[in-house]
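First the structure, in the form of structure tokens, and then the observations on it.
The values are calculated or read from the model by the stated rules, or taken from the named source; none is laboratory data. It should be emphasised that the depicted structure is a prediction, and the values quoted were computed from it without experimental measurement. Glycine gets a Cβ as well: all are built from the backbone with ideal geometry, and neighbour counts include every protein chain shown. Surface areas here come from the heavy atoms of the whole protein model, side chains and all, with no ligands, DNA or RNA. Shrake-Rupley method; radii C 1.70, N 1.55, O 1.52, S 1.80 Å.
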Amino acid sequence: MPGSSVSIIEVDKYFGDFHVLKNVSLEIEENEFFSLLGPSGCGKTTLLRIIAGLEDVDDGDVLLDDKSILNLPPNKRPVNTIFQNYALFPHLSVYENIAFPLRLKKFSESEIKRRVDWLLNLVRLEEHAQKKPSQLSGGQKQRVSLARALANEPKVLLLDEPVSALDAKLRQELLIELDNLHDRVGITFIYVTHDQAEAISISDHVAVMNSGVVVQYGTPYEVYESPADTFVANFIGESNLMKGDVVEILSDEYIAVEFPSFGKVICYRDKPVKVDDTVLITLRPEKVRIMHNKPTPSDGIPGNVVHGIVDEVIYMGYQTKYFIKTDEGYILKVYKQHVSYLLDERIIKWKDEVFLYWNPDDSFIVEVEEN
Amino acid sequence: MTLKRKRSEVLSSGSGYEKYGSTYLIWLVIFFVIPVLVILAYSFLTRDYQGGIILKFSIQGYKDIFNLNYLTVFIRTVIISFISAAICILIAVPVSYYIVYSKFKNFLLLLVIIPFWTNSLIRIYAWIFILGNNGLINQLLLNLGIVNSYVKFIYNNAAVLLILVYTYLPFAILPLFSSIERLEKQLFEAAMDLGCTKRQVFFRVLLPNIKQGIVSAFVFVFIPALGTYAVPELVGGKNSRLIGNEIARQLTIARNWPAAAAISSILLILTIIAVIVFIYGGEKRETR
């Protein structure tokens, strides 16, 4: 089943006076796993419903393989949707739910059986074929709705928060299953979620949306490692956001920034700035290293060193989250991964004096205010 | 030990049914079961020609109604009740669907319920005022010169059907409304997404999922229509008499109480059979 590419071209959508989608453009490649990520109310579900044909656009166009599909009703589009609440037909068995789109197409009984059996096998629900939806668990229901949506052999599968109604463990399982399913059926998946971890773990590309605008588009690495603005930096993963003044331009690549919160550090200059500009710097907690002894240049460590006291320790087994109070009283989040047997080391405890250091490349500018 | 005791206390004090169930039972026995038994008993007693009964066993009441040849009236009653229930459902399904997804849902529901605030006799007279030989519509038609003499809208079976549908429509709308409201709107979107036309959404998704509502609506209209009395009495013609009118006639004009009780008993049995058939039939299809 080959998938289709989807182009969203300058789409605008209003609900009454509310501007839900503001001139949104996106290119979704054929057969890729694409995620629309954003907080609730950002317009991501509306965009999905527009592709499905369940909503109209006020302006703009939606192309499937370079042909507009806006004039097609939902039942004529080679696109199928997985709904958040499964939307299984309560009066039909699992088998009949999956057979539903095939019966509409008037396939022969033997052909229907062949296809439904294949789909039941695909989602591992063979032994539940005769059950009613009300007898299934949440994860099973979602797998039925997957099989049903795939029965039409769509070119694009739209998934509207498909795992958000499930508990954490099941969510992980179903995500992996979705990823495998995507590999097996090889069509385009467009996945809507508010959960950044879901989006970056399975997608080829991610579009981050906020208030009806696509604020960043890129691979999961790009949106995580180089967030376009404060919103993305905060929404995807965790980060330390710090405001400071540029005091010196060191080179084309580096600047020195003075922070009232913890002194002068060197930052990566990924945006054009000049001395005296106020900049917002982000630093991911896991990029900061923590130790008892002050590192020296002879340790071969370039970069920034900050002194502080451990204010909070959250031990999580595979990692520990430290909240470090700097000499100036600012709290910096630092996550230490436990890559070796922890008890061999001198364990960092509450109230310990510690030094933090990081590569200047890891603290970079997200926003500039010119002064 | 304490835990166990507490648990049993919780269980026994738990549901309202256990607490108040016996009260309902007493109410039902006094006001429903006993009167029905009295009617059954009367049907097997002897007629007193002054009206009333004599306490002596007899099946003359049943013989009388067979002699009076009520078969046509019975059949007419069943047919008219069936047709009015069917019309009510045909109207109520789209109307309920519209109300469920309307912005003015609560207001429209209020409109459905408002007729209950007025006595049904007054509402029937209102219809006579509209449809009667000197009624609003006839005067309008005469004044506009569309007809030369009045059109006979009432005193026939069609008028009985019309007023029955009007009277019992809310009983069909309310159960259908609640069964449509229970359905997620996403079901219809999913159906369209999977390839249904609007028509197919209606027949393949909406109808099968509100089957129970349709059965309830049918029973709620069909059963009271079987026993209706005032409507045919006021707007029916010579050939519109229903079984309710015959019961009244035996009771008042003919003063044959055992015969009236016998017709009532047969009607009751017919009704019970109808309810069982509808409800059992609906459930059987549900579980298949």
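Which loop GluC sites (Glu not before Pro) in segment A:305-345, with loop taken from DSSP, have no more than 14 other Cβ atoms within 10 angstrom of their Cβ?
Those that pass, being in a loop and sparsely packed, are A:E328, A:E345.
Could you pull out every residue, at least 5 positions away or on a different chain, whose amide H is within less than 5 Å of the one on A:G3? Hs are placed 1.01 Å off N in the peptide plane, and Pro or chain starts have none.
Here the answer is A:N31, A:T188, since their amide H atoms fall under 5 Å of that of A:G3.
Using a cut-off of 21 Å between alpha-carbon atoms, which lysines can reach A:K155, once sequence neighbours fewer than 8 places away in the same chain are excluded?
A:K44, A:K67, A:K76, A:K105, A:K106
Select from B:V95, B:V235, B:V38 the residue whose mean-square fluctuation is largest in a Gaussian network model of chain B (Cα-Cα springs shorter than 10 Å).
B:V38
Quick one: grab the alpha carbon gyration tensor of the protein assembly as shown, order the square roots of its eigenvalues as a ≥ b ≥ c, and give me rounded if a/c is under 1.5, else prolate or oblate depending on whether a/b is larger than b/c.
In terms of gyration-tensor shape, prolate.
Provide the packing ranking of A:235-244, A:8-17, B:100-109, A:95-104, i.e. peptides ordered by the mean count of other C-beta atoms within 10 Å per residue, highest first.
The most tightly packed comes first, giving A:95-104, A:235-244, A:8-17, B:100-109.
Per-residue ellipticity at 222 nm for chain A, helices alone: DSSP H runs ≥ 4 residues times -39500 (n - 2.57), over residue total, nearest 500 deg cm²/dmol?
-7000 deg cm²/dmol
Could you report the buried accessible area between A and B, both sides summed, computed with a 1.4 Å probe and given in Å² to the nearest 100?
Answer for the A-B pair: about 1900 Å² buried.
Could you work out the mean count of beta carbons from other protein chains within 10 Å of each residue's beta carbon in A:86-95?
For peptide A:86-95, the averaged partner shielding equals 5.
Identify all lysines with a Cα-Cα distance to A:K287 below 30 Å; exclude those on the same chain that are fewer than 8 residues away in sequence.
A:K169, A:K243, A:K264, A:K271, A:K274, A:K321, A:K325, A:K333, A:K336, A:K349, A:K351
Considering the options B:Y168, B:A230, B:F202, tell which one lies farthest towards the positive end of the dipole of segment B:145-232, charges being +1 on Lys and Arg and -1 on Asp and Glu at the Cβ, about the Cα centre.
After comparing all options, I get B:A230.
How high is the relative contact order of chain A? Use alpha-carbon pairs under 8 Å, at least six apart in sequence, and give a whole percent.
The value is 16 percent.
Near A:K106, within a Cβ-to-Cβ distance under 14 Å, what is the net charge of the other residues, with Lys and Arg +1 and Asp and Glu -1?
With Lys, Arg at +1 and Asp, Glu at -1, the neighbours total +2.
Quick check on chain B: helices-only [θ] at 222 nm, where DSSP H runs of length 4 and up contribute -39,500 (n - 2.57) each and the sum goes over total residues. Nearest 500, please.
Calculated from helices alone, the mean residue ellipticity at 222 nm is -22500 deg cm²/dmol.
Specify whether the C-alpha gyration tensor of segment B:23-287 places it in the rounded, prolate or oblate class, a ≥ b ≥ c being the square roots of the eigenvalues: rounded for a/c under 1.5, otherwise prolate if a/b is larger than b/c and oblate if not.
In terms of gyration-tensor shape, oblate.
Could I get the Rg over Rh figure for segment B:60-205? Both from C-alpha atoms, Rh via Kirkwood, rounded to two places.
1.11
Could you identify which residue out of B:P224, B:P232, B:P258 has the top mean-square fluctuation in a GNM of chain B using Cα springs shorter than 10 Å?
Of B:P224, B:P232, B:P258, the Gaussian network model singles out B:P224 as fluctuating most.
Between A:A256, A:A87, A:A149, find the one with the highest GNM mean-square fluctuation for chain A; connect C-alpha pairs within less than 10 Å.
A:A87
Taking amide H atoms as placed 1.01 Å from N in the peptide plane, list the residues 5 or more away in sequence, or in a different chain, whose amide H sits under 5 Å from that of A:T81.
A:L158
Probe radius 1.4 Å, ligands and nucleic acids ignored: give me the carbon and sulfur share of the accessible area of the protein assembly as shown as a rounded percent.
59 percent
Are there DSSP H segments in chain B that both extend 30 Å or more along their axis (alpha-carbon positions) and score a mean Kyte-Doolittle hydropathy of at least 1.6? List them, or say none.
Those that pass (Cα extent of 30 Å or more, hydropathy at least 1.6) are B:71-100.
Using Cα-Cα distances under 8 Å and only pairs 6 or more residues apart, what relative contact order does segment B:23-287 have, in percent?
Averaging sequence separation for qualifying contacts and normalising by length gives 31 percent for segment B:23-287.
Report the gain in length on full extension from A:N71 to A:E225: 0.36 nm times residue separation, minus Cα-Cα distance, nm rounded to one decimal.
51.5 nm
Find out how many positive minus negative residues lie around B:Y98, taking Lys and Arg as positive, Asp and Glu as negative, among other residues whose Cβ is under 13 Å from that of B:Y98.
Residues near B:Y98 contribute +1 overall.
Over what distance in Å are the Cα centres of segment A:120-170 and segment B:234-280 separated?
Here the answer is 54 Å between Cα centres.
Of all trypsin sites (Lys or Arg not before Pro) in segment B:140-223, which ones are in loop regions per DSSP and have a Cβ with at most 10 other Cβ atoms within 10 Å?
Within segment B:140-223, no trypsin sites (Lys or Arg not before Pro) qualify (loop, at most 10 other Cβ atoms within 10 Å).
Segment A:279-371: which chymotrypsin sites (Phe, Trp or Tyr not before Pro) are DSSP loop and have at most 16 other beta-carbon atoms within 10 angstrom?
Qualifying residues, ordered by number: A:Y318, A:Y341, A:W350.
Charges on Cβ only, +1 for Lys and Arg, -1 for Asp and Glu, centred on the Cα centroid of segment B:23-287; of B:Q186, B:A248, B:G132, which one is farthest towards the dipole's positive end?
B:G132
Using a 1.4 angstrom probe on protein heavy atoms only, which residues from segment B:161-203 are buried by at least 40 Å² of accessible area when all chains are present rather than their own chain alone?
Buried on complex formation: B:Q186, B:L187, B:E189, B:A190, B:M192, B:D193, B:L194.
Using alpha-carbon pairs under 8 Å, 6+ residues apart, how would you state the relative contact order of segment A:101-191 in percent?
Relative contact order comes out at 29 percent.
So, counting K/R as plus one and D/E as minus one, what does the shell of residues with Cβ under 13 Å around B:N256 add up to?
+1
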